Every structure is written in C-alpha cells, then in structure tokens.
1. Largest first, what is the accessible-area ranking of R361, R104 with a 1.4 Å probe?
2. Using Cα springs under 10 Å in a Gaussian network model of the chain, which residue among L179, L135, L296 shows the largest mean-square fluctuation?
3. Using a Förster distance of 35 Å, how high is the FRET efficiency between N91 and R298, based on the Cβ-Cβ distance and rounded to 0.05?
4. Given H placed 1.01 Å from N in the peptide plane, which residues other than close sequence neighbours of T25 have an amide H under 5 Å from its amide H?
5. At 1.4 Å probe size, what's the solvent-accessible area of V90? Round to the nearest 10 Å².
6. Please check which bits of the stretch 293-336 a label hung off E239 would reach, taking the label as a point 7 Å along Cα-to-C-beta and the cut-off as backbone N under 19 Å.
7. In nm, what is the difference between 0.36 nm times the number of residues separating S175 and I98 and their Cα-Cα distance?
8. Over the heavy atoms of E326, what accessible area does a 1.4 Å probe trace out, to the nearest 10 Å²?
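The values are calculated or read from the model by the stated rules, or taken from the named source; none is laboratory data. Bear in mind that the values here come from a model prediction, so they are computed numbers and not experimental data. No Cβ is skipped: glycine too gets one built from the backbone with ideal geometry, and neighbour counts run over all protein chains shown. In case anyone asks, the SASA skips ligands and DNA or RNA and just uses the protein heavy atoms, side chains included. Shrake-Rupley method; radii C 1.70, N 1.55, O 1.52, S 1.80 Å.
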Amino acid sequence: MWFSIMVVLALSLKVASAKAEEALTLAETIQLATQNQPLLQSLDDAAASSRQAAIAEGQLPDPKVKFGVINLPVTTGDALRYNRDDQTMVNVGISQDIIPRKKREVASNRMLAEADQFHTEQIATARTIERDVALAWLDVYEAQRKSELYQRIVDDMTAERKVLAASVSSGSAKSSDVLRMDTQTSMTNEKRIFAQRDERKARAALARWIGKSASRPISSELPVMTNSLNQDATQSALEQHPLVRNAHQTEKVAQYDVDSAQANLERNWGWEVGYGKRFNDRSDMLSFQVSIDLQLDRTNRQDRRTAEKLVLVEKARKLTEDKRRELSSELESAMADAEAAEARESEHIIKLIPNAEAKLRIAQAAYQSGKQPLSDVWDARRDVLDIELDHWTILTDKQRAAVKIGYLLNDSRLFKKIEKE
C-alpha cells in the first residue's frame, strides 16, 4: 500500500515538474498575470467596502440615551442634597438626530458610484497589466533569440579563427587577421552578454505579475497579431477604453459630491424626550425638545461648498479629455511603429534576406572553385546571421506595436473583455 502511494506521489511530482518546464506562451502569460492578482483583488475589496458604506450612509444616526441629575444644589447647607430643592431631579431621556432622506440617499448613491469607480479602475488596471506583461514577454522572446544568434555568430568566428591561426604558420594568413578576428569575436560576445542581461531584466518584469512562472522557457513561436484600423471604429474604441470609462465614472462621483453639497442646504433637525424623577412627593417632569440647524451664513458656508464641488466636477471633465487625448496620441505613435515595422519587414523579405542568401551561395560556389578564399564565405554567412538578427527585431517590434494597438482598441483576440457584474 505504502509502495503504491509513493509511486503515485512520484508520478505527480514528475508531472508537476514537467508542467513547470513547459514553454510559456504569450496567451498563458497573460492569463497567469490576471489570475489571483493581489492588485486586482484589492480593488474588489475597495468596491465591496464602498457598497457596505452605501448601506450605512442611507441610515439615520443611532439614537442617544441620556441619564443625569438636573439642578443639583452645590452651595449652602443643601449642597449635593438631591431631595431638598424643588428643581432637582434625576433625568432619563432619549434623543434622535434626523438627517433628511434626500441627504442620506445622495450620500448612499455617492458611495455606490465610488464602488463602480473601483470596478472600472479594476478593468483598466487589468488591461494595463495584460499589455505590460505581453510587452515583457516579447522583450524576453527578442532577447532570447538575439542571444542564440549572437552565440551562433561567435561560434562561426571561433571556427574561422582556428582556420586563420593554422594558416599563419603556412604564410597564407597574417597575425593581424587573427587579432582582428579576436576583436570582432569579443565585440559580438559583448552583444550576447547584453542580450542575456536584457532577457534577465525582462523576466524580472514578468515575475512582477506571474511570479516563479517567469523563469520557465519562452515559447519559440512568435504569435502573429494584426490590427484592422478604421478611423470611425478607432475613435469609438478609444471612447470605450477602460481608462476613459474610469474617467467618466470619476466625473459621476464628483457630480454626486455636488448633489451632496446641494442637499446640505436642507436643515438637519432632531428631537429629545426626557423624564425627570423628583423626590419628597414632588411631581415628576416630562420634557420634549426639538432642535433645528440654523444656517446663518449660507453664502460663506453651504454655497461655498457647492461651488467647490462644481469646480472639482469641471476638473474631472478636463482630466477625462486629457486621458482621451493621451490615448489618441499613444495610438498614433503605435500606428507609426506598426507601419514602419511593416515596411522594414517587407524590405527584408523582398531584398535584404534574398540578397544575403544569394551572396552566401555565390561565395560558397566561388570558394569550391578556388576563386575566393574561405574568409569570404565566413563573411557572407555572418551577413546572413546579421540580417536574421535584424529581422527578429523587426518581427518583435511589429508585435509590440500590435499589442499596443490592441490595448488601445480593446482587441479581444489578445485582451479579454471584463464586464461589470
């Protein structure tokens, strides 16, 4: 029995270990970034807190129970004697402050609007996390590919150096050629080190959102995402962006603050009932009082508060317009990156890559026929690798632009839609 349990546990650990080493795709990375995310959960908690506060704001204040002694003598021979003076009594009472219903409803609605604001902020935050983690994944991918290609170039240079070193003794090569190759190899190796550094930093950015999963190997497949842009649809999509929707919700909260300030023009009031117990067969006393707030300087108090909140509403509207312009500017910049990457990719596919490969074939044929030295083949091969290196940079730049455009235009192929429950 124990042997069977140990076998099951071993197999489970093996499966878990294998899963941990599975290639990390872009789609899985985005999914991991938004699952069990403390930042997003904190906004859920904030929204729940505001909803609880909305219920409390709609209620009347708690009543007050009063107990005390009234008109107790403190001088002459009757000092501190509760049964000597006719006015001395033990009083028990209850009081209640009354806040007008309109004030309570506005305060409650304001807290509900704040809860909705936390929800729209959560959607905007989730979308930003998805964009940032996608860009970090692409950074890891590019750095990983660059590191591999630089290593291939270094390997080729190392092999060529061995041939050059062997040729020095026969006089067919110079020592300066070997030194030149050593310098080029060292410079290329330095670029590989920088690429490894960039990969490590990009993985650290991934770990910010997905934890230990950031150490898994990155998928070798680069996801291809294109965006279809229509001017009218673009403006509509920008208007529906979570950041703009959150800004509109901030305006609503500010407007409820105005409503609350205006509701404060209604006076609070309260009532109090008390029963006074007197002694020595004197008659007990019943008292009832009503209190009303006096707004003696409304111009400099209540009206000023309303003016303050109206200015804050205008501030929120201007911030919404600023956010709209910011997103429009980001979209224009991302479109410029996308168009440039598209043009560069076309240039590579049509001209640069075919030309470099043709140059390599010609050098190989010339070397085999004894018309050119082997160094020309090495140079042509390195040109091919350099072009491939640039091409991977172009491809990742193109996908970065696509990610940014998808983020701005709410493209559900990469970014999941989060709707209000």
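1. R361, R104
2. Highest fluctuation of the listed residues: L296.
3. Between N91 and R298 the formula returns 0.50.
4. S219
5. The value for V90 is about 40 Å².
6. Hits in the stretch 293-336 for E239 at 19 Å: 317-332.
7. Details: separation 77, 0.36 × 77 = 27.72 nm, distance 9.88 nm.
Residue separation times 0.36 nm, minus the Cα-Cα distance, leaves 17.8 nm.
8. Its accessible surface works out to 70 Å², give or take rounding.
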